[in-house]
Ligand SMILES: Cc1cc2nc3c(=O)[nH]c(=O)nc-3n(C[C@H](O)[C@H](O)[C@H](O)COP(=O)(O)O)c2cc1C
Ligand code: SF4
Ligand code: SF4
């Protein structure tokens, strides 16, 4: 691998996928090597890009509903590899990553990449708040250290003879104790039943009395669902409920009220470890 061909790509509305991608890339490159090319697809699609077999792509995306965030995959559509090694990484909010890593791996394979390393890291849940903390503060220093070490091990693997592909199906979500898991499943089934009878569209809201019209929510929204100057409104057809606007509001005027926040905080309070495969 030529280090100058390291490309880091991430979709990261609330910043956890970006921070882990950067830590991994920091571990892969040595001090003398140039900074990796970075492709942030949070606000727009990746440009049509072809990467050769001597490049390395590090992809980091959040898990939404057990899948890679759909918009992230959409924005990677113009990427092409030629038997190019890739590091597939998902960030998830301490519940589960389900099939997300396998789907990301299949997506990359269809576009000419082969996964030589994979990881599922914990990031503060998008719905986490002081009242309903879910993996609050993660990735913390320890997680970032692990991501960096993972990067160093990837470097060592790629410096050796050949770089074998990995079977990402071997990575599983770490264990959740049975009772909290059953409680969450019961909650989710009840929620779906209620939604069937009385559908409710959940959207983030702005407290007009608090809003100082700084426009940060509009500029930080990955889908253009908020218009500058009309920050009290959210376009429901564009909003992906990523909560970037909620976490980025400097005065706490934005909130997203979902019953999932309390249910997740109740059932997934025990911190899960990051898992990696080389
Ligand atoms: C719509 C949506 C669905 C989510 N689904 C899951 C999930 O299935 N499992 C999980 O553990 N976390 C889930 N999360 C939490 C995110 O995966 C997690 O907070 C991630 O670190 C966010 O990445 P970002 O900081 O790069 O935006 C979800 C978040 C959102 C907004
Ligand atoms: S970030 Fe907060 S204060 Fe700023 S415009 Fe948006 S809602 Fe208002
Ligand atoms: S309006 Fe929706 S899509 Fe935009 S930042 Fe807020 S939650 Fe995300």
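Nothing in this text is a laboratory measurement; each read-out follows from the coordinates by a stated rule. These numbers come from a predicted model, not from an experiment. Glycine gets a Cβ as well: all are built from the backbone with ideal geometry, and neighbour counts include every protein chain shown.
How would you rank 254, 102, going from fewest to most other Cβ atoms within 10 Å of each one's own Cβ? Kindly include the intermediate steps, with their values, before the conclusion.
Details: 254 24, 102 19.
Ranking 254, 102 by Cβ neighbours within 10 Å, fewest first, gives 102, 254.
What translational diffusion coefficient, in µm²/s and rounded to a whole number, does the Stokes-Einstein relation yield for the chain at 10 °C and a viscosity of 1.306 mPa s, taking the hydrodynamic radius as the Kirkwood radius over Cα pairs? Before the final figure, lay out the partial values.
On the way: Rh = 19.6 Å.
Result for D is 81 µm²/s.
Restricting to Cα atoms and excluding each atom paired with itself, what does the Kirkwood estimate give for segment 1-90 in Å? Can you show the working numbers first?
Values: mean 1/r = 0.0757 Å⁻¹.
Every distinct Cα pair counted, the radius reaches 13.2 Å.
When a/c is below 1.5 the answer is rounded, else prolate if a/b is larger than b/c, else oblate, so apply that to segment 99-236 with a ≥ b ≥ c taken from the square roots of the Cα gyration tensor eigenvalues. Provide the component values of the computation, followed by the final result.
Values: a/c = 2.03, a/b = 1.54, b/c = 1.32.
Taking the square roots of the gyration eigenvalues as a ≥ b ≥ c, segment 99-236 is prolate.
Taking other Cβ within 10 Å of each residue's Cβ, how do 267, 165, 159 sort, fewest first?
On the way: 267 23, 165 15, 159 10.
Ascending number of Cβ neighbours within 10 Å: 159, 165, 267.
How big is the Rg/Rh ratio for segment 19-69, C-alpha atoms only, Rh by Kirkwood, two decimals? Could you put the intermediate results ahead of the total?
Values: Rg = 12.9 Å, Rh = 13.0 Å.
Radius of gyration relative to Kirkwood radius: 0.99.
Quick one: work out the % antiparallel among DSSP beta bridges in the chain, nearest 5. Mind showing how you got there, number by number?
Values: 8 of 35 bridges.
Around 25 percent of the beta bridges assigned by DSSP in the chain are antiparallel ones.
Looking at segment 179-267 from every direction and averaging, what is the projected area of its Cα convex hull in nm²? Show your work: numbers first, answer last.
On the way: hull surface 25.9 nm².
Mean projected area of the Cα convex hull: 6.5 nm².
Can you tell me the orientation of helix 16-28 relative to the chain, as the angle in degrees between its alpha-carbon axis and the longest Cα principal axis, to the nearest 10?
Helix 16-28 sits roughly 20 degrees off the main axis of the chain.
Let's test this: bin the Cα-Cα distances of segment 46-163 at 5 Å from zero up to the farthest pair and state each bin's percent.
Reading the bins upward from 0: 2, 11, 19, 21, 19, 15, 8, 3, 1, 0, 0.
Starting with the fewest neighbours, write out 40, 83 ranked by other beta-carbon atoms found within 10 Å of each beta-carbon.
On the way: 40 14, 83 11.
Fewest to most other Cβ atoms nearby, the residues stand as 83, 40.
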